[in-house]
Every structure is written in C-alpha cells, then in structure tokens.
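Here is the structure we will look at.
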Amino acid sequence: MRKLCKVCTISLLAGALVVTPVFAEPSVDDLENSKAAAESEVNSLQSELSATLAKITSLEAELEEKTEAVVKTNEELEEAAYQERQQYSDMKLRIQYMYEEGDGSVVETLLSAKSFSDLVNKAEYVQNVHSYDKQKLEEYIKTKEKVETLKNSLDTEVENMQSKQAALEEEKVSLSSTISSKQSQIAQLDQSIQDALAAAVEEQQAAGEAGGQDEANANGAGQGGSENGGGNDDKQYAPPSGGNGSAVANYACQFVGNKYVYGGSSLTNGTDCSGFTMAVYAAFGVSLPHNDAAQEGCGRAVSYSEAQPGDLIFYGGHVGIYIGGGSIVHASNSAPYPEGGIKISSATYRPIKCVRRIF
C-alpha cells in the first residue's frame, strides 16, 4: 500500500483545513484569533497611551507658563501693595506737616497771598494737595485689587490644571498596566500556540514512522522509505486549494520532512530554500525567481508585526514561508530531518531582514 500523509496539521493556523483537526479545544485557530484580538486591543491601548502622554506634555508646558505668570503676578501685587503703603505714608506726612501745628502752615500759606487771585490759587493748591493724595491712593488701591483678582484667577487655573495632570497620570498608569497585562496574555497565547504546533509535529512524525514500518513489513525487509525523507513519491499530497496566503501555508506544510538539496526545486525529491518557496507559489500560478535575493523584490513589503500566513520572510541568504503563530516552514539545510530538510522553525530563529507579501 502507498503511504498516506496527513496534510501538515500546523496549517490549522491558517484556518482552511484539508484534514480533520486533532487538537483539543481550544484549537490553534482559536488561539490565533484570541492573540489577534489581544494584539488589536494592545494597539488601540497604545494609541490611547500616546494621546494621554501628549496631553500630559502639553499640560506640563502650559502649567509651567501659568506658574511663571503666578510668580510675576505675585511680584506685581507686592509692588502695588508697597506703592499703596508708600503713598498713604506720604499723605499722612503732608497732613501732619500742614495740620499738626494748629493749621499754621495752611494759614500762613493763605495769608501770604498778595491778592485775591493769589489767595484763590493758594487755597486751590492746598485742596489739590489733598485731592492728589486721595486720587493716587485710590489708584494704587484699585491696582492692588486688580492684581489680587488676577492672582486669585491664576491660582484657580493652576489648581485645576494640577488636578487634570493628576488625572492624566492616573490614566497613564492604568493604560500602562492594562497594556502590560495584555502583552503577558499575548505571550501566553503565543506559547500555547507553539506548544500546540510542537504537539502536532510530534504526532505527524509518529504517524509517519508507524506508516513506514507498516509498509516495510508489507514489502519485506529492506523495502522501507528512502533515507533522510528523500524520494517521497510514495506520499500523497493534497493539491493546492484557494488563492490566499493561508492556502499557501497549508500547502507548504505538507512537505515537512522532505530533504534539502542545494539548487533543487522539487518539493518531494529535494529543494533549497528559494526553490521551495518558488515551487510552492508555482502551484498557485505565481512565478518567483529561484533566488532568495531576487525574491526580495517580489510582492510588497510588510512589517513582521503585520506578517500573515503565506508571507515570505527573508534572512541573510535565506527565505521561508510564514505559517502563523510566530513560525515558518522552510527548506533549512542539508542535515537529516528534523535537524534539517523541510521543517518548521521559529520565525525569529535568525534576525529578520524583511517580509514580503505575495498575495
């Protein structure tokens, strides 16, 4: 009998299944959806936090200006109060000079007039002295009251702004705490996804080994599968289905365990990294060059944080296909599987150069 190979269960990340899932609840799909929702919420919270920090910065600048205005107003208030006291003191000295001696100075001033017109002028002079003192004193009192009113207004504004600042600081702490909690949740979800992926790979390997043993028993000793997973024409592979990145990831995962061959492009008998991505996308009618550097110019650039199943992830001299959950499927190296060959690895096992979206 010909061996039947399950479609790579890791493609559950993409959503469109070609085999019956074997994961216990929650499935990888559920975990991926929860992670995506949490990441979306974190992005929204980070936007809120940025807006809050901008408000705090603006408020701090405005508060600094108001504080400087309060200081200046206090100085003006002190000056106005001083002028009021000084003018009042000067007025009292003039009154004392003119009246404490029995009004003699006033009488002398009036009697020294040489004519009636002079007398009227001197009387007006005495009156004007009193009027001037009174006027200046009233002016300083009004100035002091005006400055004091301004000071009270500024003090109220500063107090209100300090209250707003305290509220924004509390909002910042709350948002930061929520973001930290959500990021921990994302990390836990990611670990759960990785655990589920590892369990799926182990199950697939166990099933493949059991199938190989059954075939060896049926065909006699020495009639087992080819070395290093090469020459896997006895396997059955699901044809490409769909036309999006998830379908590409599903299709590519079937070939996990097949061997790496430098310069090759056969998904079953051996391929290198760019030959693998080229052959997978060729099954979907997309022509890619057989060179990882040249493939970097295909599709459009996206960030790793935006990576979706089917995206090509490039490293220095290497390329793989992102399958979700922080993992890639790629033709890694010429070592026997699972150390080498076509296998699943963490997408960040090496520094990422760029990510390109073909679909």
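Values in this text are rule-based calculations from the coordinates and carry no lab data. The structure presented is a predicted model; accordingly, all values stated were derived computationally and were not measured. Cβ placement follows ideal geometry from the backbone for every residue including glycine, while neighbour counts extend to all protein chains displayed.
Key figures
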| item | result |
| --- | --- |
| Scope the stretch 159-189; condition surrounded by fewer than 16 Cβ atoms within 10 Å (Cβ to Cβ) and of a type in the set (D, E, K, R); matching residues | Glu159, Lys164, Glu169, Glu170 |
| Those residues of the stretch 279-304 which are in contact (Cβ under 8 Å) with a residue 40 or more places away in the chain, of a type outside the set (Phe, Trp, Tyr) and closer than 19 Å to Pro351 by Cβ, in sequence order | Gln295, Glu296, Ala301, Val302, Ser303 |
| Scope the stretch 297-325; condition of a type in the set (Gly, Ala, Ser), buried (at least 19 other Cβ atoms within 10 Å of the Cβ) and part of a loop (DSSP other than H, G, I, E, B); matching residues | Ala307, Gly310, Gly325 |
| Residue list for the stretch 328-342, filter: under 18 Å from Gln254 (Cα atoms) and surrounded by fewer than 23 Cβ atoms within 10 Å (Cβ to Cβ) | Asn333, Pro336, Tyr337, Pro338, Glu339, Gly340 |
| Check on Ile313, under 21 Å from Asp190 (Cα atoms) and either touching an Asp or Glu at 6+ places or on another chain (Cβ under 7 Å) or not small (Gly, Ala, Ser) (or both) | yes |
